[in-house]
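The values are calculated or read from the model by the stated rules, or taken from the named source; none is laboratory data. Computed from a predicted model, the values in this text were never measured in an experiment. No Cβ is skipped: glycine too gets one built from the backbone with ideal geometry, and neighbour counts run over all protein chains shown. Ligands, DNA and RNA are excluded from the accessible area calculation, which covers all protein heavy atoms including side chains. Shrake-Rupley method; radii C 1.70, N 1.55, O 1.52, S 1.80 Å.
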Amino acid sequence: MSSTLLIVESPSKGKTLKKYLGKDFEVLASYGHVRDLVPKQGAVDTAHDYSMKYELIARNVKHVDAIVKAVKEADAIYLATDPDREGEAIAWHLAEILRSKKLLKNKKLKRVVFHEITQSAVLAAVAEPRDIDMDMVNAQQARRALDYLVGFNLSPVLWRKIRRGLSAGRVQSPALRLIVERELEIEKFQSQEYWSIHLDSHKGRQKFSAKLFQYKGEKLTQFSVTSNEQQAAIVAHLIAGNDLATVTQVEKKRKQRQAAAPFTTSTLQQEAVRKLGFSTDRAMKVAQQLYEGIDIGGATVGLITYMRTDSVNLANEALDEIRAYISSNFSADYLPKAPVSYKNKSKNAQEAHEAVRPTSIQRSPQEMKPFLTADQAKLYEMIWKRTLSCQMSPAKFDTVSLDLAVGGEENLFRATGQTMVFPGYIAVYQEGEDDSEEEGESKLPPLEKGEQVPIDQISGEQHFTQPPPRYSEASLVKTLEEFGIGRPSTYASIISTLIAREYVLLDKKRFVPTDVGRVVNKFLTEHFTRYVDYDFTAKLEDELDQISTGKRAWIPVLDDFWKGFSQQIADKKDVDRPGVEILDEACPKCGKPLSIRLGKRGKFIGCSGYPECDYTRNVDGDPGEATQPVIIEDRVCPQCGSPLVIKVGPYGKFIGCSAYPKCKFIEPLEKPKDTGVTCPECKEGTLIERKSRYGKLFYSCSTYPKCKYATWNPPINEPCPKCGWPILTLKTTKRRGTEKVCPQKECGFVEQVAAPE
């Protein structure tokens, strides 16, 4: 009896697949990528056709060893990694490792692909294996090489010119540019006053309102009325001697609204942010769990199809099942005569792939809820409802528009109303919107042309123009997709990187660039303009897509990029260090302009003549007070014995070693506040109050860096009654008031202490 080895990426799929395939199959996991580029210069050899030096990823060596051992015993090897470029590349890397060990002689090695973990899909894939697609592999290699070449060559420039520890990314940098440019728009925005004028009326007991759109025969624009005096004069003129308004026109229309397309990776992330309050990263992690398989009462099954896709297509079998479900559970009006099709917005969408959908519409959210976590249940319900609704009839509305004349037909008000006459798909699901001020339905009384209605009131309403909103995660993802920057599957990691590098902060779920982010963006847009250009980044993404379909060769694409980029790196070797802001103040030591600059611990004022002039001072310091250290009497450094000094840094005064930079000992001038709560992790230190780089309070172990336990919320000496964790924390929000919360996220314990104000 022959033995067959099936290799997947995630171990959570293993039991399910083995159950589907039977005892002749052994299933092992690679645990993601098994090889990556050597993390040093020269990993991509630009002088020799961009040959790449790979090494095993340390954390996965033991998994590779297990695969190697199993291959020796197997007759056939099926590589069933994920159905995308990354999965194809992992399959190729595994094959290369096995070839290098000479383990594939007289063995069958094939690639199998399935987009959902159901028995029928898996058996069909195994029945039709194929060879590894080298076009897809080369597209992934080209992307990895590009990211490496940018990171390993541009990041050191940022270290030299701004500060160490910074990074630049091929896709992350244009994303940062979007956020910074939006912030600059907001800062430059000047609000303008304008007024609208409204008529309140009624017929019988039904009240309604209309807006003035024509005055003295002239159409009004947004800024036709810009002051209180103007609006008061218009209102006085309209109400003088006028008690009635006359209906001059009635227009009735029947309108339809089509359901949104089924989810792609991008739209799934956007809706999870808008509707569920998830981050993009959280949404993708939960979707991965639903795809890989959930135990639903003795049987483990993948509940959704593969979640990394830019296609809005649905398989014929899925369409048949969805239409049958609608027919059984809704009246005939809710089922269109033919399946509804949607057009892919992405020009590079792979038509063979499917949208994100439930593997079976018969598994309703209510039936699945007992087997799912809270996050899984929310995301599954949203995917299920979106998929069902996309095959339902359009919603139908009756719209009415009334024009009313006051004091003659030269002064016209307009009232509009909308009444839903058939909910259609809205009975199941309605798409969310970013920054929406959409009003609900309004109904108008039945009126005919020539009819008169009383004028209850005519009044003006003051408005001010608003700046463009900051990006939320949803609107940033939408914009990245519209510009063609990156791939939807990378958006979560792009956002995570921007936050982790402290280039941006999330304030009320909106992105705000930090000083570091502003300076990095300013430097890149001034000196590496082409490489943060939106069109250039999108064009490069198109070329990677063309490589994956065999329309372009990958080495010429890399070569075209590298020639220009490497020359730019060389040309910018001696550019000036950028400042946050050049000050209208001369350096007291050398006379050159001072600038606000970025240091290891934040902003400070320094001479633009650095390194020839080393004058610095604290941003909030006296202009005459340089940041020169003051020696502390009778104290020496506990690490090296040198005198200790009081220094002034970006966040005020602190104690440091006079032998810096040879010795880097520092301590706060004022001791941090000790909460007296024992650290729940090491049980040795206590949790003390500290401040982050941006001034936010947090609580960490007093034995740091030996113990790195930390929490944002104030700790209290009470064990969690649900999971037994030694401490709870106090969390205060406007919406929920003050609550006791378990810091262990997977626990979820919450108990209200004080109601919201």
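Side notes on the structure shown:
- Computed E for Glu502/Lys706 - FRET, C-beta separation, R0 22 angstrom, nearest 0.05: 0.35
- Each of Tyr342, Ala405, Leu104 was placed along the dipole of the chain (beta-carbon charges, centred on the mean Cα), and the one lying farthest toward the positive end is Leu104.
- As a calculated quantity, the FRET efficiency between Glu73 and Lys19 at R0 = 22 Å, using C-beta atoms, amounts to about 0.60.
- Debye, to nearest 20: dipole size of the range 467-513, +1 on Lys, Arg Cβ, -1 on Asp, Glu Cβ: 100
- 5 angstrom amide H check on Tyr615, placed H, neighbours 5+ away: Cys607
- Since only Tyr20, Leu37, Ala47 are under comparison, the one whose Cα sits farthest along the positive direction of the charge dipole of the range 8-48, derived from C-beta charges on Lys, Arg, Asp and Glu, is Tyr20.
- Of the residues Ala70, Val753, Pro513, the one whose Cα sits farthest towards the positive end of the charge dipole of the chain is Ala70 (charges of +1 on Lys and Arg Cβ, -1 on Asp and Glu Cβ, taken about the Cα centre).
- Computed over the range 353-509, Kirkwood Rh from alpha-carbon pairs, angstrom: 21.2
- Cα gyration tensor shape of the range 473-566, rounded if a/c is under 1.5, else prolate or oblate by comparing a/b with b/c: oblate
- Solitary cysteines of the chain, where the nearest other Cys Cβ is not under 4.7 Å: Cys390
- Backbone N under 20 Å from the Lys285 label point (7 Å along Cα→Cβ), restricted to the range 6-48: 9-13, 31-33
- Between Asp65 and Lys40, the FRET efficiency estimated from the beta carbon spacing at R0 = 30 angstrom works out to 0.75.
- Three principal axis lengths of the chain [C-alpha, angstrom, descending]: 92, 86, 61
- Gyration tensor (alpha-carbon) shape descriptor, the range 689-757, a/c threshold 1.5: oblate
- Taking 22 Å as the limit for the C-alpha separation, the pairs Lys252/Lys385; Lys275/Lys722; Lys253/Lys396; Lys19/Lys101; Lys378/Lys509; Lys673/Lys706 exceed it in the case of Lys252/Lys385; Lys275/Lys722; Lys19/Lys101.
- Rounded to the nearest 20, the size of the Cβ-charge dipole of the chain about its Cα centre is 2380 debye, with Lys and Arg at +1 and Asp and Glu at -1.
- Net charge dipole size for the range 150-203 [Lys, Arg +1 and Asp, Glu -1 on Cβ; Debye, nearest 20]: 620
- Taking every DSSP helix (H) stretch of at least 4 residues in the chain, weighting each as -39,500 (n - 2.57) and dividing the sum by the residue count yields a mean residue ellipticity at 222 nm of -9500 deg cm²/dmol.
- Among beta bridges identified by DSSP and lying wholly in the chain, the antiparallel ones come to about 90 percent.
- Charge sum, other residues only, whose C-beta stays under 13 Å from Glu128's C-beta, Lys/Arg counted +1 and Asp/Glu -1: +2
- Cα-Cα separations in the range 1-150 greater than 20 Å, expressed as whole percent: 48
- Three-way shape label, the range 135-260, alpha-carbon gyration tensor, a/c 1.5: prolate
- In sequence order, calculated HN-Hα J values of the range 211-223 (Karplus, 6.51, -1.76, 1.60; Hz; x Gly/Pro): 10, 5, 10, 9, 9, 6, x, 10, 5, 8, 10, 4, 10
- For Tyr429, the solvent-accessible surface computed with a 1.4 Å probe is close to 20 Å², ligands and nucleic acids excluded.
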